[in-house]
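These notes concern the structure reproduced below.
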Amino acid sequence: MRAIRLSVPALLLLFAVGTFAKSGSPADTHSSIVIVFQDGHRQTIDQADLTRIEFKAPVLLVFKDGRQQNVPAADIARIEFEPAASTAGRNHFVGKWKVGEGNGGSFYITLEADGEARKTLGSSHGTWTVVAGEARITWDDGWHDVIRKVGSGHEKRAYEPGRSFEDQPSNVTPARNTEPKPI
């Protein structure tokens with residue numbers, strides 16, 4: 001298969017047409033473009049911050065706040081497109097997680113690919129599933145936990161017996177996957 005090489009203005013045009021022609025406004029997404037310069041440095045621009053891109057020499061980026069930035073096309077090695085952050089899927093959560101107890105201590109939760117869950121505190125058996133991009137775990141002892149991505153990290157929310165996932169959590173602690181196991 002042959003690789004197709006496009007000029008920077010052609011790439012920007014494809015980005016603009018593909019991105020801004022989508023249904024919904026660009027502010028509805030968090031996708032970005034990454035300009036990789038010849039010297040190796042990168043500039044990431046959130047698509048929602050852009051008003052327009054003018055395809056003239058130099059390329060002109062016009063931001064919603066009124067700023068303008070000229071980018072000499074000759075300085076650009078390539079342009080990368082980063083899609084909007086999607087919700088985390090099942091593969092994202094498989095592995096052994098170090099989580100907090102809510103009192104300063106910690107324990108481990110292991111999420112298996114088959115939906116089985118184990119923990120090193122309390123009743124050791126449970127099941128889990130992904131709902132709205134978060135791992136929801138139901139333990140045999142009546143507790144429920146949620147592991148979710150927050151910013152660049154993760155947190156564990158614990159719900160004591162009698163509370164549902166829609167209630168206020170009993171505690172919220174950091175969570176870290178110590179042994180990611182992608183399927």
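Using DSSP to define loop residues, name the GluC sites (Glu not before Pro) in segment 65-166 whose beta-carbon has at most 15 other beta-carbon atoms within 10 Å. Sparse-neighbourhood loop GluC sites (Glu not before Pro): E101, E112, E166. As a ratio to 2.2 N^0.38 Å, the alpha-carbon radius of gyration computed for segment 58-183 takes the value 1.46.
When L61, L121 are compared by accessible area of protein heavy atoms, the largest-first order is L121, L61, using a 1.4 Å probe.
Ligands, DNA and RNA aside, D49 has an accessible area near 80 Å² when probed at 1.4 Å.
Rolling a 1.4 Å probe over the protein heavy atoms of segment 55-166, with every protein chain left in place, gives an accessible area that is 49 percent carbon and sulfur.
The values are calculated or read from the model by the stated rules, or taken from the named source; none is laboratory data. Just so it is clear, the structure is predicted and the values come from calculations on it, not from any experiment. No Cβ is skipped: glycine too gets one built from the backbone with ideal geometry, and neighbour counts run over all protein chains shown. Ligands, DNA and RNA are excluded from the accessible area calculation, which covers all protein heavy atoms including side chains. Shrake-Rupley method; radii C 1.70, N 1.55, O 1.52, S 1.80 Å.
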